[in-house]
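K.L.:
Pasting in a structure now, in structure tokens, and then I'll have a few things to ask.
The values are calculated or read from the model by the stated rules, or taken from the named source; none is laboratory data. In this text, all values refer to a predicted model and were calculated from it rather than measured experimentally. All Cβ positions, glycine included, derive from the backbone under ideal geometry; neighbour counts span all protein chains shown. All accessible areas refer to the heavy atoms of the entire protein, side chains included, with ligands and DNA or RNA removed. Shrake-Rupley method; radii C 1.70, N 1.55, O 1.52, S 1.80 Å.
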Amino acid sequence: MIRPEAAARLARWREALAGAASLLAGLWLTATSSGLPALFGWVLLGGGAFMLVSGIRRARFHREVEAPGVVEVDEGRITYLGPVIGGAVALDDLQQIVFRRTSTADAFWRLIPSEGRPLIIPEGAHGVDALLDAFAPLPGFDGGAMVRAVQSRTEATHLVWQRKAPLALT
């Protein structure tokens, strides 16, 4: 009944749409009632606003590019299983996150740990969407910078995040 392209686009924006619906329901409840239903409306307003912002960010981050390999995030560890090369890096060891787009329209994430070789992940690897949530607990991480880097269509290197050096004790 729904064209596959339209269904795919709706699926990509489903979190944002659910947030908007929740926001509207909460607005209606707070405007038309009092007491416990109005309190529930305020909860819906807060949850809906959070889901709407999060859903928009996630939908803008998603790309329809296909690349080989699979990204897995498990307990603070990011693993890339590629056809030729792969690897893993723990979030605690991560020093820098870089997004690079080349002139051939290839793009990749470069995760640089404190020790060892960098982990290179193609932009279109299966499961790369999980990186947005995986990087969220990093100190000073800006998810908007990550989305802007992916949205950029020019050949460039974007420093998305860098760990600040610990303060020296004197």
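K.L.:
For residues that are open to solvent by 70 Å² or more (accessible area, probe 1.4 Å), of a type in the set (Lys, Arg) and under 30 Å from VAL84 (Cα atoms), scanning just the stretch 13-70, find the one that is modelled with the lowest pLDDT.
P.N.:
ARG60
K.L.:
Hey, any hits in the stretch 115-135 for a residue that's farther than 30 Å from LEU23 by Cα, open to solvent by 50 Å² or more (accessible area, probe 1.4 Å) and touching a Lys or Arg at 6+ places or on another chain (Cβ under 8 Å)?
P.N.:
Yes, some residue in the stretch 115-135 is farther than 30 Å from LEU23 by Cα, open to solvent by 50 Å² or more (accessible area, probe 1.4 Å) and touching a Lys or Arg at 6+ places or on another chain (Cβ under 8 Å).
K.L.:
Does ALA145 meet the test of being modelled with pLDDT under 90, of a type in the set (A, V, I, L, M, F, W, C) and surrounded by fewer than 18 Cβ atoms within 10 Å (Cβ to Cβ)?
P.N.:
yes
K.L.:
In the stretch 71-83, what residues are more than 15 Å from the chain's Cα centre (by Cα) and open to solvent by 70 Å² or more (accessible area, probe 1.4 Å)?
P.N.:
The answer is ASP74, GLU75, ARG77, LEU81, PRO83.
K.L.:
While we're here: Any residue at all in the stretch 84-101 that's open to solvent by 70 Å² or more (accessible area, probe 1.4 Å) and of a type in the set (D, E, K, R)?
P.N.:
Checking the stretch 84-101: at least one residue is open to solvent by 70 Å² or more (accessible area, probe 1.4 Å) and of a type in the set (D, E, K, R).
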